[in-house]
Amino acid sequence: MAQKGVLVISVEPGSLAEGLGLQAGDTLLEINGEKVLDQLNYQFLMSQRDETTLRLERPDKSAYEVSAENGGDGIGLDLAQDEVKVCKQNCVFCFVHQMPKGYRKSLYLKDEDIRLSFLYGHFSTLSSSDAAELARIVRERLSPIHVSVHCTDPEVRVKVVGNPKEGDILRKIDQLLEGGIDVHTQAVIAPGLNDDWIWDKTLRELWERRAYQTSGPWQGKGGVLSLSCVPVGLTVHREGLPEVQEINAGYAKAWVERWTKEARRYAEANGGEPWLLLADEWFTRGDVEVPGRAFYSQSWAQLENGVGLVRKFLEHSRRFISSEKARRFQGRKALLLTGSSFAPILNRVLAQLNREVGSQLRAVAVRNNDFGESVTVAGLLTGRDLMYAAHADRDAKGPVEAVVVPSASLRTHTGPTDQYTLHGVTVARAEGTFLDDMTLDELTADLRTPVVPSGANLSQLLDHLEAADRANRASGFSGRDLEKVFHRSGLNLPQGAYNP
C-alpha cells in the first residue's frame, strides 16, 4: 500500500484507545513494529499479542507510542476507508464493459479486492494479487476466499480474461491451498469459449483440489470447497466488444439435463456435500423446475452468486403459507414487480397464498429497457423500468394498496465510516436508490402509492407492508430510514461506496 499508515477517524468513548490518549485525526503507523496496511490488517495485528504497542502520528507530524493490554482484541478505533483495488483483467464478458453510459461512478468499478472476497463473498480473478498479497492471505488466514477461475487451461484463459500474464490461475490457487486457505470458485460459461472440453478440464482440475480429502497430495491443506457454473450475462451495450454467444433456452436446458446429474454424482463422492453448483439462471433460462433442497449445500454455499435463491424462497414459502402469520395477508391487494426470470415462479407462489388466505397479490415481469430484454434478473432493474411497469399495470388493472419492488434492485449509498471506498467518489445521500439513482421516495411520490422492498421472503414482505401501514398513519416514511424500517436481508448493503 502506498499510504503511510491509516487515519483514525473516531475513537470509541470509554475505550482503551481513549484512555491512552488516541484521537481522531491521528495516523496509525505501526503495530508491534509492523506497518499497518488497512482496517483488516489492523484487526489481524491486534489479535497477535495480549499486550500491543502502537506507533502513531499526530496531525502536526509528531510521533508517539502507546502500549495496551488488549488481550488480543481491538481497542476502540475506527479507521479510515480503504481504497478498493480494481481488476486488471479484460474479460470478454465483463459486465462493467457492457454498462450504458450516464450512471453513477461506482457502477463502472471492476472490483478486484481480496479483502472484499473474504469479507463479503465477492469473486476475484486474483489478477491484482502478487506473491506478497497471496502470502498475506495465508498469514492473516483470509479463508475462504472466492475466485473467478472461468477456465484452468492457460491458453484459453488468456483469451477469456484478456491478460497474457494471468493464464495460469492454478499456480495462484495452489499457493493458497498449500498455505491452508480454502477457496470457493466460479466459472462464467460462454458457449464456444470455455465450455465443452475446456469446461471438462476445469472441472477435473479443480475437483482434484477439493476439500476434505483423506489421502493424496492435498491432504491436510486448503481445498476448493465448491465450483459454481454461471451462464454468461450479456446486455445490449456491447459495441466494440468481442463477440460472445448468448445462452438461449435450448442451451440452458441441455446444460441442466447433463450437469444436474453430474452435480449429484460429485456430491455423493464428496461425502454428501454438494460441490458442483449450478446457478439458478440455468433453470430459469431453460424453463426447468429448480431441484429440491438436497441439491444445495446445507450452508447455501454461493447463495450470493445466485445458487439456490429460488429454492430457498420456495422452501420458506411452503412453510410460511401454512403458518398463522400468513393469515395477516388476508384482503391485501398489492403489486409485486420483479425480473422476467423470476415472475412465473413468484406468481405460482402468490396464487397459492391467495387461495389459502384470501389475499390479492400479483407479480408482473418488468422489461429491462436499460440493459436489454436478455437481462432478466430483478437486481438489474432500474427505477425507471419499475416506474413504467407500475404505471402500465395500474392503467390495465386498476390501483393497488402498495407496490413492491425487489430488494435486490435497491442500493444504499455509504456513509463516512464504511470500510471501503472509491477514489474520487463523494457520498452525498444515504437513502435507498436504484441503479439509475432514482430514490425510493421519488418512486413513491410518482406512483402516489406506498412502495416497499420485497425482503427475502413472504414473511419479510408482510412485515414491510405492515410497516408502511404504520408509517402512513404517522405521516409516511422516508427512504433515508430504509435500513431502520425494513429488513436488511435482500438489500444491496453498503459494503463500500464502490457497490453498484
To the nearest Å, what is the center-to-center distance of segment 147-215 and segment 250-309, using C-alpha atoms only? 19 Å
Listed with the fewest Cβ neighbours within 10 Å leading, Ser128, Ser489 appear as Ser489, Ser128
Selection from Asn270, Ile181, Thr235, by position along the positive dipole direction of segment 96-305 (Cβ): Ile181
Multiply the residue gap between Lys88 and Glu324 by 0.36 nm, knock off their C-alpha separation, and tell me the result in nm, one decimal place. 79.7 nm
Label points 7 Å out from Cα along the Cβ direction at Glu69 and Lys101: separation in nm? 6.4 nm
Which entry in (1) 24.4, 72; (2) 25.5, 84; (3) 22.3, 72 is this structure's computed Rg and Dmax of the Cα atoms in Å? (1)
Kindly put Leu40, Leu77 in sequence by how many other C-beta atoms sit within 10 Å of each C-beta, fewest to most. Leu40, Leu77
Estimated FRET transfer efficiency when R0 is 25 angstrom, pair Ala135-Lys4 (beta carbons, to 0.05): 0.70
If the chain between Asp446 and Ser374 were fully extended at 0.36 nm per residue, the gain over the current Cα-Cα distance would be 23.2 nm
Would you mind ranking Arg488, Arg332 by Cβ crowding within 10 Å, fewest neighbours first? Arg488, Arg332
Point-to-point label distance, Asp174-Arg394, nm (Cα→Cβ direction, 7 Å offset): 6.2 nm
Which of the lysines could be linked to Lys333 by a straight reach, that is with a Cα gap under 29 Å, when you skip same-chain ones fewer than 8 residues away? Lys312, Lys325, Lys397, Lys484
In nm, to one decimal, how far is the modelled label at Lys484 from the one at Leu241, with both set 7 Å along Cα→Cβ? 4.0 nm
Name the residue farthest towards the positive end of the dipole of the chain from the options Ser15, Pro450, His150, assuming +1 on Cβ of Lys and Arg, -1 on Cβ of Asp and Glu, about the Cα centre. Pro450
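All of the numbers you see were taken from the coordinates with simple rules; none came from a lab. No experiment lies behind these values; they were computed from the predicted model shown. In this analysis, Cβ positions are derived from the backbone assuming ideal geometry, glycine residues included, and neighbour counts consider all displayed protein chains.
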